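Structure first, commentary second.
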């Protein structure tokens, strides 16, 4: 008997395609959790746009296929949207800009595909660079401050004398996913990952298609 979960499309998928989709889906799951936590920690960002809720923002951000449809972000995506969220003069929802940027950047590292099939070969360098960009993003979160000296976006805190590192753990899992996928693709193709990338000034690394 054929399982009710069987999909004829899966016949066109290799093991690497299935593994890639699992990694991509897990990355999206982690990003959604991070978005919820950031909004709860920084409710003022959500309040900048009347009528928005965390659920409505999640539905707007995590859409596939991804389209450049956010006029309030100047139709920016990937690292450009992340940088917009950190600009001191930006008056919009910073978390929205940053998470749109993170999601579209990671999505781009998977060839901007909603599903992966045999001909959809991934690029190990894009996956590796995306992992480094997440590290740079975390560094910016922990260092970018407002004029009054407070952090632009709050993340980890000390509660009852114990430091809450739940954000660090989620970001760590996300970085590990991208690094693991980069290594899997590198092993499959025989191509070597260039790990001597320039990170001077903590500039984001390019991710091409």
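No value in this document is a laboratory result; all are computed from the given coordinates. These numbers were taken from a predicted model, which means no experiment stands behind them. Note: ideal-geometry Cβ built from the backbone for every residue, glycine included; neighbour counts use all protein chains shown.
Some notes on this structure:
- Packing-based ranking, highest mean first, of 45-56, 69-80 given that Cβ atoms within 10 Å are counted: 69-80, 45-56
- Nearest-0.05 FRET efficiency for residue 115 and residue 89, computed from C-beta distance (R0 22 Å): 0.05
- Protection proxy ranking of 15-22, 104-111, 59-66 - average other beta-carbon atoms within 10 Å, highest first: 104-111, 15-22, 59-66
- Computed FRET value (nearest 0.05) for residue 203 with residue 28, which takes r as the C-beta separation and R₀ as 25 Å: 0.45
- From most to least packed by mean Cβ count within 10 Å, the peptides 139-151, 171-183 give 171-183, 139-151.
- Ratio of the Cα radius of gyration of segment 11-193 to 2.2 N^0.38 Å, where N counts its residues: 1.07
- Modelled FRET efficiency - R0 30 Å, residue 148 with residue 37, Cβ distances, 0.05 increments: 0.80
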